[in-house]
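Everything below concerns the one structure shown next.
Every read-out reported here was derived from the displayed coordinates using simple, explicitly stated rules and does not represent laboratory data. As the structure is a computational prediction, the values presented were derived from the model and not from experiment. Neighbour counts run over all protein chains shown; Cβ positions are idealised from the backbone, glycine included.
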Amino acid sequence: MSTETHRELTEEGVEARVGELLGQERFAPPAAFAEGAEITDPELRAKAAEDPVAYWEEQAGKLRWSTPWETALNETDAPFYRWFEGGRVNVSDNCLDRHVEAGNGDRVAYHWHGEEGETRDVTYAQLLEQTARFAGALRELGVQEGDVVGIYLPMIPEVAVAMLACTRIGAVHNVVFGGFSATSVAERMEVSGAKVLVTADGGRRKGKTAPVKPEVDKHFADLDGLQKIVVVKNAGNDVAMQDGRDVWFHEVLDAADPVDPVPLDAEAPMFILYSSGSTAKPKGIQHTTGGYLTGATTSLRQVFDLKPESDVYWCSADVGWITGHSYIVYGPLANGITSVMYEGAPDYPHKGIWWELIEQRKVTKFYTAPTAIRAAMKWGVGHVSGRDLSSLKLLGSVGEPINPKAWLWYWHVVGGERCPVVDTWWQTETGSIVITTLPGVDDAKPGSAGTPLPGYEVKVLDADKGTEVASGEGLLAIPRPWPSMLRTLYQDPDRYRSTYFDRWEKGAAGGEQIPYFVGDSARIDDDGYIWVIGRVDDVINVSGHRLSTAEVESAIVAHPHVAEAAVVAKADDLTGQAIVAYVTLQGDTESTDEVKAEIDAEIADRIGKLARPKRIVWTQDLPKTRSGKIMRRLLRDIAEERDLGDVTTLADPTVVESLQDRWREGA
Ligand code: WT7
């Protein structure tokens with residue numbers, strides 16, 4: 001039965017409709033949505049632009065500060081900017097205590113859904129109680145203000161408790177995505193000097209249990225600085241607890257006294273999140289308290305048009321990425337809304353689980369990634385058809401450019417052509433959304449993220465001259481500082497400066513400072529809409545996950561029989577980009593399936609399964625310049641089957657021909 005709410009959809013019907021809409025350039029906010037939207041003032045951007053610092057002060061003022069700031073923006077030490085200097089604020093106070101004191105303690109913070117169908121509702125009052133106690137427990141374990149606490153947990157409410165507890169006492173969290181290997185966790189704990197690690201006995205994934213703690217044990221035996229490991233009993237698998245080092249989460253929680261939020265300096269470090277850059281060494285992106293919270297809170301409220309009383313919001317990301325930090329934990333909680341938190345994979349226990357959960361929880365705002373939408377398209381509309389998705393009011397996308405076909409599928413199939421789709425551009429470094437469309441005001445153009453949010457300025461600069469491109473292609477730049485920007489790279493201020501502030505001169509792009517170098521190329525159209533093209537550095541975006549070619553290469557060359565490796569990205573229908581590795585083996589080592597499996601295992605161990613190449617091409621030689629530099633551009637051209645253009649700078653031009661042959665043989 002097809003009704004307005006339980007729409008029956010067929011593949012042919014959807015294809016025809018999407019095909020029809022492909023020609024439509026703009027999508028105005030649906031009238032019913034626009035009528036009820038919070039932001040309807042088309043002049044908001046222009047007003048904020050008159051005095052951006054004052055605008056940000058107004059936004060920050062919506063949070064609860066224990067001491068007001070004296071200086072809104074201090075630029076004397078640029079690019080080491082300081083926001084809301086002199087102010088004191090606590091993140092967990094704003095996310096929890098404030099709402100409970102306002103009488104909203106019984107509101108559900110998270111409707112948690114486990115993989116096997118279990119559910120747990122956690123209210124704001126419960127989350128506060130647990131956070132306050134765990135903060136006390138961390139203190140008793142020796143954690144002091146400024147100390148680093150590692151967090152390596154699955155998608156369970158305890159991850160929010162652990163993060164919030166850190167912010168309550170001014171500890172700096174360093175969350176590592178659960179899909180990364182224990183080796184990479186150990187490395188990140190070591191370089192950040194973590195004192196305590198919070199992890200779980202095991203993680204559940206598609207009906208299996210991943211032995212998280214046993215893996216951690218293998219790699220943490222000789223980590224000097226790490227004093228304690230707190231273990232959440234989650235999967236119920238057998239784990240060994242090391243005397244004097246390991247403690248159970250529930251035991252320390254029960255034993256601890258709750259602690260009050262500590263008023264922290266606005267610029268107190270809040271968290272570090274490692275992200276891939278151009279080298280094999282991940283960058284410890286460091287965010288601070290007041291500015292970050294201002295950015296995350298304001299952006300979610302504006303872009304998702306939040307209605308705390310009635311919204312049920314769901315961001316399908318993992319908490320181990322910046323999207324999870326800003327839009328599963330801090331943004332939603334600071335705004336006092338109810339979220340869904342889902343433990344599992346999008347295709348477990350079945351490929352319609354997301355739509356089932358949206359129907360069951362009456363989700364109003366849904367935020368996911370283009371790769372997930374493309375996977376749903378591939379699995380077929382049958383998994384969506386007949387579901388009641390009429391509760392949905394708005395859909396968001398993040399992580400990579402969303403191709404118009406996927407955008408339209410999302411709009412038509414999921415949103416029933418009633419819900420604005422916001423394509424949100426931002427980065428780990430920006431802390432919160434920077435470019436998108438205001439859903440009650442702006443037209444969306446599928447494929448373009450939109451224009452900068454109020455309070456931001458984003459420009460496209462000519463790659464060579466650094467002059468502004470009014471319409472056309474260039475490099476993205478953010479000329480002025482913004483509150484939720486990274487403050488530095490952990491213990492590496494020089495790399496912070498050279499990565500982000502070395503590209504242009506002071507005052508390029510018309511501002512007073514050196515523009516922030518984003519690392520993306522983009523096109524700006526005549527309406528000022530920005531169309532992000534992709535990274536210009538050696539960063540690969542696989543399913544919205546950022547990986548560095550250098551990191552993958554160094555994992556491959558760790559194999560004893562590998563002589564050399566070069567890794568490039570290739571466009572992929574499902575994951576956006578896929579990894580292709582060109583590998584030269586030593587001497588007479590044969591390129592067997594066994595060697596391939598060993599290389600895959602090495603990468604899974606060092607980085608995580610997500611970094612395994614989609615294809616390995618064995619080769620005797622790599623294309624190099626006469627000075628020995630590998631020409632990755634040619635390797636990309638080969639993988640994308642393009643004409644190679646100029647190869648005269650190669651030391652040995654025949655190398656590329658044989659590589660092209662090899663590529664085709666395997667294709
Ligand atoms: C890079 C940042 C932001 C959280 C997830 C990724 C790409 C991100 C979009 C978008 C086009 C996008 C950019 C950016 N990116 N969102 N809506 N349209 N590209 O965070 O791992 O720090 O990666 O992701 O290339 O620089 P991240």
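Ordering S276, S591, S192 by the number of other Cβ atoms within 10 Å of each residue's own Cβ, fewest first, gives S591, S192, S276.
Of all the Cα-Cα pairs you can form in the chain, what percent are over 44 Å apart? Looking at the chain, the distances longer than 44 Å represent 20 percent of pairs.
Starting from the Cα of K365, draw a straight line to each of the aspartates and glutamates and keep only those under 16 Å, dropping any in the same chain fewer than 8 residues away. Filter leaves E38, D305, E309, D311, E356, D388, E417, D423. What FRET efficiency do you get for K614 and H561 if R0 is 22 Å and r is their Cβ-Cβ distance, rounded to the nearest 0.05? Computed FRET efficiency for K614 and H561: 0.55.
The ranking of R133, R120, R204 from fewest to most other beta carbons within 10 Å of each one's beta carbon is R120, R133, R204. Length gained on full extension, R664 to A102: 195.8 nm, using 0.36 nm per residue less the C-alpha separation.
Taking a sphere under 13 Å around the Cβ of R662 and counting the other residues whose Cβ falls inside, with K and R at +1 and D and E at -1, yields a net charge of -3. The calculated 222 nm mean residue ellipticity attributable to helices in the chain amounts to -8000 deg cm²/dmol, summing -39500 (n - 2.57) over DSSP H runs of n ≥ 4 and dividing by all residues. With 27 Å as the limit on Cα-Cα distance, the pairs of K596/K629; K218/K351; K281/K570; K445/K465; K283/K506 that go past it are K218/K351; K445/K465. Ranked by the mean number of other Cβ atoms within 10 Å of their residues, highest first, the peptides 624-637, 176-189 come out as 176-189, 624-637.
Counted as membrane-span-like here are DSSP H helices of the chain whose alpha-carbon atoms extend 18 Å or more along the helix's own axis and whose Kyte-Doolittle mean is 1.0 or above; these are 157-169.
Sorted on the mean count of surrounding Cβ atoms within 10 Å across their residues, most packed first, peptides 48-54, 237-243 read 48-54, 237-243. Taking label positions 7 Å along the Cα-Cβ direction at both E4 and H350, the computed distance is 2.8 nm, reported to one decimal. Extension gain for K378 to D526 (0.36 nm times residue separation, less C-alpha to C-alpha distance): 49.9 nm. Net charge of the neighbourhood of H412, taken over other residues with C-beta under 12 Å away and scored Lys/Arg +1, Asp/Glu -1, is +1. In terms of surrounding Cβ atoms within a 10 Å radius of their Cβ, K213, K378 rank from fewest to most as K378, K213. Within segment 457-536, the proportion of Cα pairs with more than 18 Å between them is 40 percent.
Summary of packing: across the peptides 575-586, 251-262, the per-residue average of other C-beta atoms within 10 Å ranks them, highest first, as 575-586, 251-262. Summarising the label geometry, the points placed 7 Å from Cα in the beta-carbon direction at A604 and D260 lie 5.1 nm from one another.
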